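One structure is given here, and the rest of the page talks about it.
Nothing in this text is a laboratory measurement; each read-out follows from the coordinates by a stated rule. Just so you know, these numbers come straight off a predicted model, no measurement behind them. Cβ placement follows ideal geometry from the backbone for every residue including glycine, while neighbour counts extend to all protein chains displayed.
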Amino acid sequence: MRDYYDLKLIEEQGGLSIEDGIALFLERYGVGPQGEQLRHIVSALGYLDDVEEDDLLPVSKQELAAWWQARQARLVRHLARNPL
């Protein structure tokens, strides 16, 4: 859960979008945008069912999952319009 929370904060406060982070990943590992890795990353971002609740974080798992599901939808729309 902390990884999802950290990524959310990086986007909100760190000035690095999820799209930018994914582009950096693809570049670093030499993965093309049509690769299975991109599909896996995008799918995983909106799925927190197998993540355990972390009571030390200032948000609940439910709140974080809702944020990620909405963000995942925006990410998919962005990728459809602007392929990496």
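Here are some notes:
- Flag if Leu24 is without any contact (Cβ under 8 Å) to a residue 60 or more places away in the chain, surrounded by 10 or more Cβ atoms within 10 Å (Cβ to Cβ) and within 16 Å of Arg71 (Cβ to Cβ): no
- Count - residues of the range 50-84 that are farther than 16 Å from Ser17 by Cα and either touching a residue at least 12 places away in the same chain (Cβ under 8 Å) or aliphatic (A, V, I, L, M) (or both): 12
- If the condition is being part of a loop (DSSP other than H, G, I, E, B) and under 15 Å from the mean Cα position of the chain (by Cα), then the range 47-83 contributes Tyr47, Leu48, Asp49, Val51.
- Counting the residues of the range 1-46 that are in a loop (DSSP other than H, G, I, E, B) and under 20 Å from Asn82 (Cβ atoms) gives 9.
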